[in-house]
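The values are calculated or read from the model by the stated rules, or taken from the named source; none is laboratory data. The structure presented is a predicted model; accordingly, all values stated were derived computationally and were not measured. When we count neighbours, we look across all protein chains shown, and the Cβ atoms used for this are built from the backbone with ideal geometry, even at glycine. Keep in mind that these areas ignore ligands, DNA and RNA; they rest on the heavy atoms of the full protein, side chains included. Shrake-Rupley method; radii C 1.70, N 1.55, O 1.52, S 1.80 Å.
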Amino acid sequence: MKQFGTILKFELMSYLKNKIFVGITVFLAAAIAVVMFFPNIMTAVGDKDSDAEESASTEGLMLLSMENLKNPEVIEESFSAAFADYEVEVTEEDEEAVKEKVVSGMAECAFVIDSPTSYTYYVNNLSLYDANTGVADEVLKSMYGMNAMIEGGMSLEAAGEVLAVQISHETESLGKDQMQNFFYTYIMIFALYMVILLYGQMVATNVATEKSSRAMELLITSARPVSMMFGKVVASCLAGFIQLLVVFGSSILFYNINRSHWEGNMIVASVFDMPPDLLVYMLIFFVLGFFIYAFMFGAIGSTASKLEDINTSVMPVTLLFVAGFIVVMMSMSNGNVDSLLMRVCSYVPFLSPMAMFTRIAMSTVPFYEIAISIGVLIGSVVAIGVISAKIYRVGVLLYGTTPKIGSILKAMKKA
Amino acid sequence: MRLELQNIRKSFGEKEVLKGISFSAESGRAFGLLGRNGAGKTTTIRILMNVFGADGGKILIDGKPIDYQKLRMGYLPEERGLYPKKKIIDQLLYFAELNGMKRQEAVRAIDYWLEKLEMTEYRNKRLDTLSKGNQQKIQLVTALAHNPDIVILDEPFSGLDPVNAMLLKDVVKEEISRGKIVLFSSHQMNYIEEFCNSIAILNGGAAAICGEIHEIKHNYVRDKLVVRSEHAAEIQKELGSCCTKKDTGELFVQLSSPAEKQQMMRRLTESYDIDEIKVFEPSLNDIFVEYAGDQN
């Protein structure tokens, strides 16, 4: 136990004294600070320049060309109301002149309306988010409906009332609201993915470095392999956890300082309104998920004689993890986190840290299912830990080419 | 304290690496574990250090099974290596603590050894900033700082300049005089002869010969004569194939039995002008070549 403590302290201090580790952590906290203080900074800058901006700001010009149409003033009025962001102006010029004005930038866009049901929309560069045709369709459809109703004998007021009718509705989610919890689940799964993969691979590299630098020759005669394996894995887990704590802690701190500026932003507000019990589940699945992968990475690292071998050796484990990540991400994006595939994945030890966590966050999972998943995961962590320590004990003594699985198993039986 | 290895056997898969190794070493004496590459020295050391168990045999301390909780061992592996990017004091403290020392005790011991090996100025430097010889001295501190009862030194002199080799010699002699069991593994026979009282030569996983060096030499079959004379050519002509000339000009006379040596000495001294004639005394190198030469 004393050896475990010594190894844990040494390995953890190696992370904390590592300039890259400290640099990345500080950079992440600083980046979060910049993002969180951004509205504050913008408001401060905006206040100074607001007067100047007001006088200088001009709305985009929208041209309307509608020869031979009835009630042009009604159309202009309707377009002006619908496109409040634009300065709507009726033009008598022909289509070519209108196009030229749009191309030259004198007008931002133009509608050349041929009939009550058809028009051509001209814009210089069509933005991905340009919704003007949709709005124009609605305006013209309403006008067409109104004209039809008036022609059918309805009064203008009655037709206006029919078209202006408002439908009210309420939505009440009896379980989880995926609209609200999508973003924080996404952030947490991504954090889980990054930390497990990054620090897990660090464990493998760490072990392989000790082996290739031959420090292992001295280590194996000074400490028990189980203490070495567990010391390294727990130290990496703590280092990852410290980094997560700094990132999430600084996010929460900076959010609370700037809360007034962010409350209007649904996405950001939803992320920080995360239920505390979910944080507990995050912690459980992070620790267990980290352990199961870090043990495997450690065992693989012990079988490599050179650092260059690590990348190819860890590939199967990395692919398994990436596959789990893709399944979870796809299920999240199509909103079906309780699909059969996700249900199965939430009991498979290597995939459950992400799959079950996603289901807990975005759906309603009975407690017994969570308990079974965590139970299976704990059992697997212990089993993988024991097997990895045995592989480690054998692997660290094998030099030369990376040994085959069969020869490792044989050596494990003998050890 | 007496360390005994009795009939240690070990196989890796189908390959039998140790076929029943036995030897013993005592406090205040150095023991040389010799053998060609692949003879089983490192496996024996690893079994002794409990890195893995033996398939059979016993390791005893004063007649009782070895207790690794009570016994401290220090090891200088042949394959040197520590953490190149870490500060020297940090890694020395790490290994001292892993070997059961308390922090303060470890700091004192490390500072003592750094000063003794003239390495104090490098205490807070990174290991990779040191020369190979100095890195080796740092590695020696990891083997000695925790005041081990058994010190195992595998090729301790390789890579050291004559001044550092002298420094290390003094350290090894001091450890022996402090009552430690020193296990020495080296291919440099002059160092073995200088320090070790007893040796075991391993060959193909078995001890080809084991015992006190002077006894091994004494028991060596005394059936060879070394002759130095101006009449070497004539002697060689007379004795035929049993006489060979060495590069040094000396003649090497193989007798049919040790009992023949007096008669042959008389015959040669009476017939020729002989500068020197003596019974051949093998060096440790000769013994090594003879016993470790043909690996099974």
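Overview of results
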read-out	value
All-pairs alpha carbon distance profile, the range A:207-260, 5 Å steps from 0, percent	5, 16, 15, 16, 10, 9, 8, 7, 6, 5, 3, 0
Accessible area of chain B divided out per residue, in Å², using a probe of 1.4 angstrom	47 Å²
Sulfur and carbon atoms: percent of accessible area, the protein assembly as shown [1.4 Å]	57 percent
Hydrodynamic radius by Kirkwood, which averages 1/r over all alpha carbon pairs of the range A:217-332, in angstrom	17.4 Å
Surface accessible to a 1.4 Å probe, per residue, for the residues of the range A:108-213, Å²	61 Å²
Rg/Rg_globular for the range A:314-375, with Rg_globular taken as 2.2 N^0.38 Å and Rg from C-alpha atoms	1.06
Shielding score for B:6-19, defined as the mean number of other chain Cβ atoms within 10 Å	1
Rg/Rh (Cα only; Kirkwood hydrodynamic radius) as it applies to the range B:85-213	1.00
Lysines whose Cα lies under 29 Å from that of A:Lys70, excluding same-chain neighbours fewer than 8 positions away	A:Lys99, A:Lys101, A:Lys141
Relative contact order of chain A, pairs being alpha-carbon contacts under 8 Å that are 6 or more residues apart, as %	19 percent
Sites A:Met1 and B:Asn37 - FRET efficiency at Förster radius 45 Å, r taken between beta-carbons, to 0.05	0.70
Gyration tensor verdict on chain A (Cα atoms; rounded if a/c is under 1.5, prolate if a/b is larger than b/c, oblate otherwise)	prolate
Förster radius 35 Å - calculated FRET efficiency between A:Met266 and A:Val74, Cβ distance, rounded to 0.05	0.45
Neighbouring partner chain Cβ atoms per residue of A:208-220, average, 10 Å criterion	6
Dipole in debye (nearest 20) - chain B, about Cα centre, beta carbon charges: Lys, Arg +1; Asp, Glu -1	1220 debye
Relative contact order of chain B, defined on C-alpha pairs under 8 angstrom at six or more residues apart (%)	22 percent
Sequence-distant residues sharing a close amide H with B:Phe280 (under 5 Å, placed H)	B:Lys224, B:Leu225, B:Val226
The range A:85-198 - convex hull of alpha carbons, volume per residue in Å³	206 Å³
Segment A:Ile378-A:Asn125, length gained on full extension (0.36 nm per residue, minus Cα span)	85.4 nm
Listed residues B:Glu121, A:Glu92 arranged by accessible area, highest first, probe 1.4 Å	A:Glu92, B:Glu121
Net charge dipole size for the protein assembly as shown [Lys, Arg +1 and Asp, Glu -1 on Cβ; Debye, nearest 20]	6720 debye
Pairwise centroid distance, computed over Cα atoms, of the range A:89-129 with the range B:62-98, Å	83 Å
Chain B, helix-only ellipticity at 222 nm - DSSP H runs n ≥ 4, -39,500 (n - 2.57), divided by all residues, nearest 500	-10500 deg cm²/dmol
Values of log10 I(q)/I(0), in the order q = 0.13, 0.24, 0.27, 0.30 Å⁻¹, for the range A:345-394 under a Debye, Cα-only, solvent-free model	-0.36, -0.81, -0.93, -1.05
Buried accessible area, chains B and A (both chains, 1.4 Å probe, Å² to nearest 100)	2300 Å²
Among B:Leu92, B:Leu34, B:Leu130: highest mean-square fluctuation, GNM of chain B, C-alpha pairs under 10 Å	B:Leu130
Solvent-accessible area per residue, Å², over the range A:276-400 with all protein chains present [probe radius 1.4 Å]	40 Å²
Mean Kyte hydropathy of -1.0 or more with a Cα span along the axis of at least 27 Å, helices from DSSP in chain A	A:19-56, A:132-151, A:178-212, A:225-257, A:276-303, A:367-395
Whole-Å distance, taken between Cα centres, linking the range A:187-207 and the range A:368-385	20 Å
Hydrodynamic radius of the protein assembly as shown per Kirkwood, over alpha carbon pairs, in Å	33.4 Å
Cubic angstrom per residue, convex hull over Cα atoms of chain B	162 Å³
Nearest 10 degrees, 0 to 90: helix B:103-116 Cα axis against chain B principal axis	40 degrees
Relative contact order computed over the range B:218-272 (Cα-Cα under 8 Å; 6+ residues apart), in percent	42 percent
For the range B:235-296 and the range A:283-349, distance of Cα centres in Å	73 Å
Debye intensity ratio I(q)/I(0), log10, the range B:125-198, q values 0.13, 0.16, 0.26 Å⁻¹ (C-alpha model)	-0.38, -0.57, -1.40
For chain B, built as a Gaussian network whose Cα springs stay under 10 Å, the top-fluctuating residue of B:Phe12, B:Phe280, B:Phe95	B:Phe12
222 nm mean residue ellipticity, helices alone, for chain A (DSSP H n ≥ 4; -39,500 (n - 2.57); rounded to 500)	-24000 deg cm²/dmol
Two-site FRET efficiency, A:Ala30 against B:Arg126, from Cβ-Cβ distance with R₀ of 41 Å, rounded to 0.05	0.90
Isotropic mean projected area of the C-alpha convex hull, the range B:155-221 (nm²)	5.5 nm²
Pairs beyond 31 Å (Cα-Cα), from B:Lys85/B:Lys116; B:Lys173/B:Lys261; A:Lys19/B:Lys137; A:Lys306/B:Lys173; A:Lys232/B:Lys19	B:Lys173/B:Lys261; A:Lys306/B:Lys173; A:Lys232/B:Lys19
Under 18 Å from the B:Asn50 label point (7 Å along Cα→beta-carbon), backbone N, the range B:6-34	B:6
On Cα atoms only, tilt of B:88-98 relative to the major axis of chain B in degrees	90 degrees
Kirkwood estimate for the range A:253-390, i.e. one over the average of 1/r between Cα atoms, Å	16.8 Å
Three-way shape label, the range A:127-192, alpha-carbon gyration tensor, a/c 1.5	oblate
